[in-house]
Structures are given as C-alpha cells and as structure tokens.
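Quick notes on the structure that follows.
Derivation of every value follows stated rules applied to the coordinates shown; laboratory data play no part. These numbers come from a predicted model, not from an experiment.
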C-alpha cells in the first residue's frame, strides 16, 4: 500500500512516516500541498494523509484537487487547530471528501487504525 504524507511540520511528518514504515507501508512525505500533489503524480498512492494548515497549498485546496484529479485516492485529513470561526477544519475536510479525519495530537495506534480503516475498501 502506497501512502503520501503531507505535513509542514517535519517532526510530525517524519514520525508518521516512521509509523507507516514500521507497519510495512510504502510511504513518502511532503512539506506542503503542492509538493504532496507532485508526489501523488509520481507515486500513485492509494492513500494521502494531509495536514490542513500549511504554507504554499493548504490542506483544503489539496483535498479539493485530489478529489477532482484522483477520485479513487483515499484521503485522511488531520489538524491540530480544529476551529475556524464557527466551523471545524476537520468537518470542512470531511465535507470536501476526506474519508477520515484525525485531531492532533493522536496516538500511533489511532493513526494506524485510521489508515487501516480507509484502506479496507482499497485492498
């Protein structure tokens, strides 16, 4: 299973990539949405995990473009800042088409369980 992880926080991105590597997933990471979309085009993953708030191309734009260009890809959205005015960033991500959402901080167990739940329909 190929996975692209997009997060501007290098520590978070590297931690998630290590979790995926430990569970034998084939994963690569990007620091913003545009770099992530470039990796998607190059690696053709089954799953994309994306942060919401990032520079250059943020998560909502990334999700929208993924849904339009790669509708078969499963999307997991994550955010540590969950509210924008009256609307939850993660609720907005779900409405845009994310298949699962994770509020930071989350555990390794929760992360892997979420990946497994969205990949069940892919395998």
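Couple of notes before you dig in:
- Largest GNM mean-square fluctuation among 109, 35, 57, using the chain with Cα springs under 10 Å: 109.
- The share of alpha-carbon pairs in the stretch 27-97 lying farther apart than 18 Å comes to 30%.
- Calculated mean residue ellipticity at 222 nm for the chain: -13500 deg cm²/dmol, from DSSP H runs with n ≥ 4 weighted as -39500 (n - 2.57), summed, divided by the residue count and rounded to 500.
- Considering only the chain, percent of DSSP beta bridges that pair antiparallel, nearest 5: 10 percent
- The stretch 12-54 and the stretch 55-118 have their alpha-carbon centroids 12 Å apart.
- Rg/Rh ratio calculated on Cα atoms of the chain (Kirkwood radius): 0.92
- Each Cα pair under 8 Å and six or more residues apart adds its separation to the average, and for the chain the resulting relative contact order is 22 percent.
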